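Quick note: the coordinates plus some simple rules give every number you see, no bench work behind them. Note that this is a predicted model, so its numbers are computed, not measured. Note that each Cβ is placed from the backbone with ideal geometry, even for glycine, and that neighbours are counted across all protein chains shown.
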């Protein structure tokens, strides 16, 4: 691995959108650190699938909501893939139980906030501190890519606490874009819409029906993790030059205002 190779740490990348992002980055030549909460078979399979592409890969188990572990996780990644040029904050959770906002529990609210917002803020901080402290005259493109949700702005009543956490996370990207702009580090907020993943499994068939029958998205399909991965790899490779602080609404046009 040369010093000019891009290197990315992707949280929540043992499956779903995170794994698709890790694969897309690897296909662009990035060394990749994959992450999941446990050192289990799922994380091992994810790492093996990246290694098969032919790039350096680190397997970093750790719960992103454990703030005290952030530096150790980044150290572990860099020990294998080299100095990071990209952090993809993808790890997230949904609600413990869908239902009436009047019935939301403190446990579910705190869990969403801890993983979807607080962890994203402080891992962004840990990444930014080490990158800013380094000489970045290596010609690499540096980026921080946070994954939030269309629910950062569009309310899903049965998942109120999730929506609140994603709205907070959307502001994290803006905040870091302002701070890191003068460091020439690009920051993006990707807001996926209806994406077919394990998280959306219980409701995705109903959404597919609504896409087909009601046209709730402008593009006539739900999204795939690979769609999100392609977007992230493009951003991390500098494919949208002279941009930062932007929201990428990866929702098939779902939130376009119309009447």
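Taking a cut-off of 26 Å, what percent of all Cα-Cα pairs in the stretch 16-156 are separated by more than that? Everything past 26 Å amounts to 28 percent. Angle of helix 41-51 to the longest C-alpha principal axis of the chain, folded into 0 to 90 degrees and rounded to 10: 60°.
Using the beta-carbon distance between residue 155 and residue 224 and R0 = 22 Å, what value does 1/(1 + (r/R0)^6) give for FRET efficiency, to the nearest 0.05? Result of the calculation: an efficiency of 0.35. Here is how the number arises for the chain: DSSP H runs of 4 or more residues each give -39500 (n - 2.57), the sum is divided by the residue count, and the result at 222 nm is -12500 deg cm²/dmol.
Looking at the stretch 215-259, the pairs of alpha carbons with a distance over 15 Å make up 53% of the total. Highest GNM mean-square fluctuation among 16, 29, 99, for the chain modelled with Cα contacts below 10 Å: 99. Legend: P(r) of the stretch 134-191 from all alpha carbon pair distances, 5 Å bins from 0, whole percents, reading 4, 19, 24, 16, 14, 10, 7, 4, 2, 0. Ordering 115, 216, 195 from the fewest to the most neighbouring beta carbons within 10 Å gives 216, 115, 195. Along its three principal directions, the equivalent ellipsoid of the stretch 14-81 from the Cα gyration tensor extends over semi-axes of 19, 13, 10 Å, largest first. Across 214, 226, 196, mean-square fluctuation computed from a Gaussian network of the chain (C-alpha pairs under 10 Å connected) peaks at 214. For the chain, the share of DSSP beta bridges that are antiparallel, to the nearest 5, is 0%. Taking Cα atoms only, the orientation of helix 70-81 departs from the longest principal axis of the chain by about 60 degrees.
Binning the alpha carbon pair distances of the chain at 10 angstrom intervals from zero yields the distribution 7, 32, 37, 19, 5, 0, expressed in whole percent. Specify the angular offset, from 0 to 90 degrees and rounded to the nearest 10, of the alpha carbon long axis of helix 119-132 from the longest principal axis of the alpha carbons in the chain. Relative to the chain, helix 119-132 is tipped by roughly 30 degrees. For the stretch 89-149, the extents of the C-alpha atoms along the principal axes are 52, 17, 12 Å, listed from largest to smallest. Here each label is just a point 7 Å from Cα along the line to Cβ, and for residue 27 and residue 48 those points are 2.1 nm apart.
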